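Note sheet for the following structure.
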Amino acid sequence: MIAANVSRLLAELPAGVGLVAAAKTRTPQEVLEAVEAGVETVGENFVQEAERAVAVIGRRVRWHFIGHLQRNKVARAVRLFDMIETVDSLQLAVAIGRSCLRAGRVMPALIEVNSGLEPQKSGVLSDDVEDLARRISLLEGVRVKGLMTMGPAVGDAEDARGCFRETRRVFDRLARLHLPGVDMECLSMGMTMSCRVAIEEGATLVRIGSGIFGEGRR
Ligand SMILES: *Cc1c(COP(=O)(O)O)cnc(C)c1O
């Protein structure tokens with residue numbers, strides 16, 4: 001089931017669009033099944049869950065953090081992850097940068113955009129993305145690689161199109177600025193129900209959970 005879903009997805013995704021298996025609440029064995037079927041990047045929402053999965057699966061895949069990162073978990077996150085997709089404040093970027101400097105590395109990071117304009121959701125508003133990118137670009141230990149967005153939590157895929165299009169517009173505008181220390185390489189948007197629309201709107205990474213692991217235990 002998991003293996004068949006991964007094979008189908010990998011066959012369907014156009015060239016240039018990467019698959020992130022969104023693994024929240026799944027067991028390390030389930031994640032391992034996806035990896036053995038060809039998943040090369042795993043997205044984790046929780047540091048502790050990720051530690052358990054990394055202990056079983058190891059470094060044969062890339063690990064992306066896609067949850068809300070609490071400041072007191074930054075040091076552990078820096079040890080685990082190859083990318084943090086959900087940077088939404090300068091303070092968080094500063095904490096990641098400091099931790100990375102101590103660890104002698106640089107963390108690739110995406111700025112999370114609150115494209116749905118939902119006040120309770122995380123992410124920065126599109127108008128504030130450029131300013132945050134400029135400030136992060138001055139930090140050592142962390143490097144902006146693009147943008148990530150969730151889009152609306154409810155509704156059908158077409159409801160997300162406007163959010164994805166807006167995020168793409170911000171992405172293109174930033175890319176054209178060629179800011180030193182900012183590499184606009186990744187646009188992470190689209191989940192199981194919305195990935196087709198997200199790809200049409202320019203996603204380079206889609207984060208798929210239930211489309212790989214099935215529904216349940218959410
Ligand atoms: C759960 C989750 C996904 C995947 O959602 P599905 O609808 O199960 O595909 C993608 N991104 C983030 C940040 C998530 O938390």
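The values are calculated or read from the model by the stated rules, or taken from the named source; none is laboratory data. This structure is a prediction, so every number in the text was calculated from the model and none was measured. Every residue, glycine among them, receives a Cβ derived from its backbone with ideal geometry; neighbour counts consider all protein chains shown. These accessible areas exclude ligands, DNA and RNA; they are computed on the full protein's heavy atoms, side chains included. Shrake-Rupley method; radii C 1.70, N 1.55, O 1.52, S 1.80 Å.
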* Count of the range 109-156 residues which are among the acidic types (Asp, Glu) and under 24 Å from residue 193 (Cβ atoms) -> 3
* Asked: Filter the range 185-218 for residues that are within 11 Å of the ligand (Cβ to nearest atom) and in a helix (DSSP H, G or I); which is surrounded by the fewest Cβ atoms within 10 Å (Cβ to Cβ)?
  -> 210
* Asked: Can you pull out the residues in the range 161-183 that are without any contact (Cβ under 8 Å) to a residue 40 or more places away in the chain and either in a loop (DSSP other than H, G, I, E, B) or of a type in the set (A, V, I, L, M, F, W, C) (or both)?
  -> 171, 175, 178
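Would a scan of the range 46-57 turn up a residue that is of a type in the set (Gly, Ala, Ser), within 16 Å of the ligand (Cβ to nearest atom) and not in a helix (DSSP H, G or I)?
Initially, the range 46-57 is screened for residues of a type in the set (Gly, Ala, Ser), giving 50, 53, 55.
Those left that are additionally within 16 Å of the ligand (Cβ to nearest atom): 50, 53.
When the remaining residues are screened for being not in a helix (DSSP H, G or I), the result is none.
No: the range 46-57 contains no residue that is of a type in the set (Gly, Ala, Ser), within 16 Å of the ligand (Cβ to nearest atom) and not in a helix (DSSP H, G or I).
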* Looking only at the range 169-182, which residues are at pLDDT 95 or above and either surrounded by 14 or more Cβ atoms within 10 Å (Cβ to Cβ) or closer than 20 Å to residue 114 by Cα (or both)? -> 169, 170, 171, 172, 173, 174, 175, 179, 182
* Restricting to the range 117-160, what's the tally of residues that are open to solvent by less than 80 Å² (accessible area, probe 1.4 Å), within 13 Å of the ligand (Cβ to nearest atom) and either touching a Phe, Trp or Tyr at 6+ places or on another chain (Cβ under 7 Å) or outside any helix (DSSP H, G or I) (or both)? -> 9
* Residues satisfying the stated conditions in the range 26-43, i.e. in contact (Cβ under 8 Å) with a residue 24 or more places away in the chain, among the charged types (D, E, K, R) and either out of contact with any helix residue (DSSP H, G or I) (no Cβ under 8 Å at 6 or more places or on another chain) or open to solvent by less than 30 Å² (accessible area, probe 1.4 Å) (or both) -> 26
* To do: Could you run through the range 69-116 and say how many residues are open to solvent by less than 10 Å² (accessible area, probe 1.4 Å) and in contact (Cβ under 8 Å) with a residue 60 or more places away in the chain?
  => 3
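Any idea which residue in the range 58-79 is nearest to the chain's Cα centre (by Cα), counting only those that are within 12 Å of the ligand (Cβ to nearest atom) and assigned to a loop (DSSP other than H, G, I, E, B)?
The initial filter retains those residues of the range 58-79 that are within 12 Å of the ligand (Cβ to nearest atom), namely 64-69.
Pick out the ones that are also assigned to a loop (DSSP other than H, G, I, E, B) and you get 66-69.
Values: 66: 5, 67: 8, 68: 11, 69: 12 Å.
My answer is 66.
I'm trying to understand the selection: among the residues of the range 185-218, which are at negative phi and either aromatic (Phe, Trp, Tyr) or without any contact (Cβ under 8 Å) to a residue 40 or more places away in the chain (or both)?
Matches in the range 185-218: 192, 193, 195, 196, 200, 210, 213, 215.
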* Filter result (within 14 Å of the chain's Cα centre (by Cα), more than 15 Å from the ligand (Cβ to nearest atom) and hydrophobic (A, V, I, L, M, F, W, C)) within the range 80-108 -> 107
